[in-house]
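Worksheet for the structure shown next.
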Amino acid sequence: MWCIQTIDAAFRARMYDILDLYEEPYDPKRPIVNIDEKPKQLLGDKKNAIPMKPGSPEKYDYEYVRNGKANVFMAVEFKAGKRVRKDAC
């Protein structure tokens, strides 16, 4: 709740409206779709990893190369059990 300064009566009223909406029965003609976005860094290895050997795990360096960034979008129609993910650069 990092973006909410105070939880006042107006906020609570809107919150309960949304919770009531979630309790309604599923209607395919009126889907409830939630959308979320998440920015991600695209990282690559700076050095090649040392492959694992019997008795020794793979070893890799902490350094990386930044290969840009992308946004990941997710749409979820949870009552229908559907989701759609789209990566955008």
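The values are calculated or read from the model by the stated rules, or taken from the named source; none is laboratory data. Fair warning: this is a prediction, and the values are worked out from it, not measured in the lab. Neighbour counts run over all protein chains shown; Cβ positions are idealised from the backbone, glycine included.
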(message) Residue under question is P28, and the condition is that it be loosely packed, with under 10 Cβ neighbours inside 10 Å, outside any helix (DSSP H, G or I), free of Cβ contacts under 8 Å to residues at least 60 places away in the same chain and under 20 Å from the mean Cα position of the chain (by Cα); does it hold?
(response) no
(request) Sort through R12, R83 and tell me the only one that's at pLDDT 90 or above, surrounded by 10 or more Cβ atoms within 10 Å (Cβ to Cβ) and charged (D, E, K, R). (result) R12
(request) Sort out which residues of the range 33-50 are surrounded by 10 or more Cβ atoms within 10 Å (Cβ to Cβ) and out of contact with any strand residue (DSSP E or B) (no Cβ under 8 Å at 6 or more places or on another chain), and write them in order of number. (result) K47
